[in-house]
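Input: a single structure, listed below in structure tokens.
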Amino acid sequence: MLYLADPDHLEPFVPGEPAFRAAQLHEWLYEHPVLTTEAMTNLPAPLRSGLSDRLWPFAVDVEQRSDSDTTRKWLFRSPDGVAFEAVLMGYPNRVTLCLSSQAGCALGCTFCATGQFGFDRHLEAGEIVAQLAFARAHLAAEPMPGCPDRVSNVVFMGMGEPLANYDRVRESLRRMIEVMGISARAITVSTVGVTPGIRRLADEPWRVNLAVSLHAADDDLRGRLLPINRRYPLADVESAAAEFFEKTGRRVSLEWTMIDGVNDNEDQAVKLAPIARRLHAHVNLIAMNPTPLTESMPSSQERIDSFVATLRTEGVNVTVRDTRGRDIDAACGQLRARS
Ligand code: SAH
Ligand code: SF4
């Protein structure tokens with residue numbers, strides 16, 4: 001049950017009704033999202049019953065929980081059969097929604113399950129914000145133990161490449177920030193380095209965070225891991241990221257999936273350091289999560305520690321991200337809408 005309706009055009013859903021009905025609907029969809037039309041208590045019952053299918057043209061196919069119910073993953077399916085996933089992660093001080101911008105992904109990064117299973121289609125803006133509305137309603141109805149009861153952060157790190165679906169992602173950002181009250185600072189758009197999109201994002205009125213998935217610090221290795229690097233090579237990615245930082249004043253973070261024996265050596269750390277320093281960027285390391293179609297393995301703790309040590313010696317700010325939901329294939333790079 002997800003919303004698609006455009007917040008600015010809700011009148012057609014309540015034809016012949018007084019104008020305040022659209023405003024009520026707006027509130028139930030965007031301001032205090034609820035999970036069923038039954039919960040829209042100030043709308044007349046006959047009106048509610050006819051609305052359900054039109055407002056919520058999607059179904060929740062599968063729900064899985066992990067980490068003592070502080071990780072929840074949903075598989076949504078739209079009427080055309082396309083499936084996509086979102087993961088909600090609760091912490092003592094925040095709740096972060098990791099959402100999808102495309103069903104699948106066309107960019108084929110070798111270590112990513114989404115990329116390994118190909119591209120279905122772009123998600124509509126309404127399908128993207130629907131993931132947030134659903135997560136909000138779900139969390140309000142069933143809080144996570146020891147976590148806030150509001151979704152505070154949104155990361156575009158689920159399925160798909162957000163900057164390859166620019167206009168719809170842009171509209172979803174507008175709705176989240178201007179209609180749903182999520183602070184731009186609490187939103188992170190993660191890109192594999194689609195440089196025209198990075199440059200456009202730098203010119204938008206909202207100062208969201210940008211995460212660039214780097215994974216390799218020279219074109220040879222990066223081109224082997226991320227085919228898109230042949231189109232947008234490292235130097236171009238760096239200059240677009242620099243432009244983003246200059247225009248928005250927001251520090252970029254560099255994502256680095258640690259793959260055993262591939263990109264976790266001293267040489268890569270030494271090459272990464274000057275890039276991070278020039279960008280005043282923060283480096284986020286994450287051990288690779290296993291995916292079906294690659295034999296690659298996560299780096300050992302020892303290799304991660306020594307990579308971190310090299311970066312710190314080189315004056316780079318670095319953190320190692322924890323992994324959530326590996327057991328339910330909800331971790332980074334594991335989403336592939338398997339039902
Ligand atoms: N397409 C965008 C956003 C979705 S992927 C991007 O690539 O940035 C979100 C993050 O998960 C990216 O940093 C991506 O590199 C990382 N990732 C992909 N596969 C992974 C895996 N198997 N293990 C750990 N992280 C992975
Ligand atoms: Fe697509 Fe990002 Fe996965 Fe690469 S890592 S295949 S860009 S979702």
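The values are calculated or read from the model by the stated rules, or taken from the named source; none is laboratory data. Remember, predicted model here, so these are calculated numbers, not experimental data. So basically every Cβ, Gly included, is an ideal-geometry build from the backbone, and we count neighbours across all protein chains shown. Ligands, DNA and RNA are excluded from the accessible area calculation, which covers all protein heavy atoms including side chains. Shrake-Rupley method; radii C 1.70, N 1.55, O 1.52, S 1.80 Å.
Residues in the stretch 302-329 that are part of a loop (DSSP other than H, G, I, E, B) and charged (D, E, K, R): Glu314, Arg321, Asp322, Arg324, Asp329.
Restricting attention to the stretch 291-301, does a residue exist that is within 14 Å of ligand 1 (Cβ to nearest atom), touching a Cys at 6+ places or on another chain (Cβ under 8 Å) and in contact (Cβ under 8 Å) with a residue 24 or more places away in the chain? Write out each step before concluding.
Of the stretch 291-301, the ones within 14 Å of ligand 1 (Cβ to nearest atom) are 291-299.
Now drop any that are not touching a Cys at 6+ places or on another chain (Cβ under 8 Å), which leaves 291.
This time we only want the ones that are in contact (Cβ under 8 Å) with a residue 24 or more places away in the chain, so: 291.
Yes; the residues of the stretch 291-301 include at least one that is within 14 Å of ligand 1 (Cβ to nearest atom), touching a Cys at 6+ places or on another chain (Cβ under 8 Å) and in contact (Cβ under 8 Å) with a residue 24 or more places away in the chain.
Residues in the stretch 117-149 that are part of a strand (DSSP E or B) and farther than 18 Å from Cys98 by Cα: Phe119, Asp120, Arg121. Pairs meeting the criteria (first residue in the stretch 252-280 and of a type in the set (Gly, Ala, Ser), second residue in a helix (DSSP H, G or I), beta carbons under 8 Å, at least 6 apart or on different chains) are Ala269/Phe307; Ala269/Thr310; Ala269/Leu311; Ala273/Thr310; Ala273/Leu311; Ala276/Leu311.
Among the listed residues Val155, Val169, identify the single one that is surrounded by fewer than 22 Cβ atoms within 10 Å (Cβ to Cβ), more than 30 Å from Glu38 (Cβ to Cβ) and touching a residue at least 24 places away in the same chain (Cβ under 8 Å). Quick ask: steps written out before the conclusion?
Numbers: Val169 fails: surrounded by fewer than 22 Cβ atoms within 10 Å (Cβ to Cβ).
Answer to the selection: Val155.
For Gln268, the conditions (1) within 23 Å of Leu311 (Cα to Cα); (2) within 16 Å of ligand 2 (Cβ to nearest atom) are fulfilled apart from (2).
Across the stretch 93-134, what is the total count of residues that are of a type in the set (Gly, Ala, Ser), within 8 Å of ligand 2 (Cβ to nearest atom) and open to solvent by 10 Å² or more (accessible area, probe 1.4 Å)?
Here is the first cut: in the stretch 93-134, the residues of a type in the set (Gly, Ala, Ser) are 100-101, 103-104, 106, 108, 113, 115, 118, 125-126, 130, 133.
Adding the requirement that they be within 8 Å of ligand 2 (Cβ to nearest atom) leaves 106, 108, 113, 115.
Adding the requirement that they be open to solvent by 10 Å² or more (accessible area, probe 1.4 Å) leaves 106, 108, 115.
So the answer is 3.
Of all the residues in the stretch 169-200, those that are over 23 Å from Arg222 (Cα atoms) and within 16 Å of ligand 2 (Cβ to nearest atom) number 1. Residues satisfying the criterion are absent from the stretch 77-85 (criterion: among the β-branched types (Val, Ile, Thr) and away from ligand 2 (no atom under 16 Å from the Cβ)).
Just one of Thr110, Thr114 is farther than 20 Å from Ser183 by Cα, assigned to a loop (DSSP other than H, G, I, E, B) and among the β-branched types (Val, Ile, Thr); which is it?
Only one candidate qualifies: Thr110.
Annotation note: Cβ proximity below 6 Å between a residue of the stretch 26-38 that is farther than 17 Å from Glu178 by Cβ and not assigned by TED's automatic domain parsing to the domain that holds Val129 and a residue that is of a type outside the set (S, T, N, Q) and assigned to a helix (DSSP H, G or I) (sequence gap 6+ or interchain) occurs for Val34/Trp28; Val34/Ala137; Leu35/Ala137; Thr37/Arg48; Thr37/Leu51. Which condition number in (1) over 22 Å from the mean Cα position of the chain (by Cα); (2) among the hydrophobic types (A, V, I, L, M, F, W, C); (3) more than 22 Å from Val320 (Cα to Cα) is the one that Ile228 fails? Just one mismatch for Ile228, condition (1). For Glu295, state whether it is charged (D, E, K, R), assigned by TED's automatic domain parsing to the domain that holds Asn209, modelled with pLDDT under 95 and open to solvent by 10 Å² or more (accessible area, probe 1.4 Å). So Glu295 passes the test. Looking only at the stretch 295-339, which residues are closer than 18 Å to Met159 by Cα and within 16 Å of ligand 2 (Cβ to nearest atom)? The answer is Thr323, Asp329, Ala330, Ala331, Cys332, Gly333, Gln334, Leu335, Arg336, Ala337, Arg338.
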